[in-house]
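Got a structure for you, written out below as structure tokens; questions coming shortly.
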Amino acid sequence: MRIVWLVTGILFTALGIVGAFLPVLPTTVFLLVATACFARSSPRLHGWLVGHPTFGPPIRNWQDHGAISRSAKRMAIGTMTVVFALTVILGLSRLALTGQAALMLVGAGFILTRPDGPSE
């Protein structure tokens with residue numbers, strides 16, 4: 001089972017890294033899943049990810065405080081807004097837009113109700 005956790009962790013780390021460059025992928029969520037997988041499979045990779053200078057702080061903020069920084073909240077809500085605007089411009093059906101809006105509102109509600117954590 002350890003190998004399954006390890007491979008899954010590597011996959012989610014790769015998705016998280018790609019998400020750092022593509023605003024449509026949620027970097028932190030993928031890295032949180034990767035961290036959980038590495039905690040069950042590889043202490044070395046877990047330590048590397050949690051201690052990473054770029055990816056580590058939001059992971060530690062979530063693990064220690066259940067928090068999402070204000071800058072991450074702004075980025076997430078901004079990205080959702082831009083993506084929704086693009087789908088409106090592209091002329092998606094009313095049903096698709098309604099479903100997308102509902103899911104984004106749930107996601108935004110979750111994000112906005114998390115604490116900010118310690119001062120940035």
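Restricting the first residue to the stretch 100-113 and requiring it to be closer than 14 Å to residue 87 by Cβ, which pairs with a second residue that is open to solvent by less than 40 Å² (accessible area, probe 1.4 Å) meet a Cβ separation below 7 Å and a spacing of at least six or different chains?
Short answer, once both residue conditions are applied: 100/87.
Note down all Cβ pairs under 8 Å where the first residue falls in the stretch 33-56 and is more than 13 Å from residue 13 (Cβ to Cβ), the second is aromatic (Phe, Trp, Tyr), and they're at least six residues apart or on different chains.
40/5
With the structure loaded, tell me whether residue 76 is at pLDDT 95 or above and crowded, with 18+ Cβ neighbours inside 10 Å or whether it fails that test.
no
In addition: Looking at 92, 112, 105, can you tell me which residue is within 15 Å of the chain's Cα centre (by Cα), over 19 Å from residue 22 (Cα atoms) and open to solvent by 50 Å² or more (accessible area, probe 1.4 Å)?
Of the residues listed, the single one that is within 15 Å of the chain's Cα centre (by Cα), over 19 Å from residue 22 (Cα atoms) and open to solvent by 50 Å² or more (accessible area, probe 1.4 Å) is 112.
Those residues that are of a type in the set (A, V, I, L, M) and more than 18 Å from residue 57 (Cα to Cα), I need them from the stretch 19-43; list them, please.
Selection gives 22, 24, 25.
Against the condition surrounded by 11 or more Cβ atoms within 10 Å (Cβ to Cβ), among the charged types (D, E, K, R) and part of a helix (DSSP H, G or I), how does residue 44 come out, does it pass?
no
Mind telling me which of the residues 50, 24, 18 ends up being part of a helix (DSSP H, G or I) and surrounded by fewer than 15 Cβ atoms within 10 Å (Cβ to Cβ)?
Criteria check complete, one pass: 18.
Return the residues of the stretch 27-70 that are closer than 23 Å to residue 114 by Cα, touching a helix residue (DSSP H, G or I) at 6+ places or on another chain (Cβ under 8 Å) and of a type in the set (D, E, K, R); say none if nothing qualifies.
60
In addition: Quick one: residue 62 ticks every box in (1) without any contact (Cβ under 8 Å) to a residue 24 or more places away in the chain; (2) buried (at least 19 other Cβ atoms within 10 Å of the Cβ) except a single one, so which number is it?
(1)
The values are calculated or read from the model by the stated rules, or taken from the named source; none is laboratory data. If you're wondering where the values come from, they're calculated on a predicted model, not measured in any experiment. Note that we place each Cβ from the backbone using ideal geometry, even for glycine, and neighbour counts take in every protein chain shown. Accessible surface areas use protein heavy atoms only, side chains included; no ligands, DNA or RNA. Shrake-Rupley method; radii C 1.70, N 1.55, O 1.52, S 1.80 Å.
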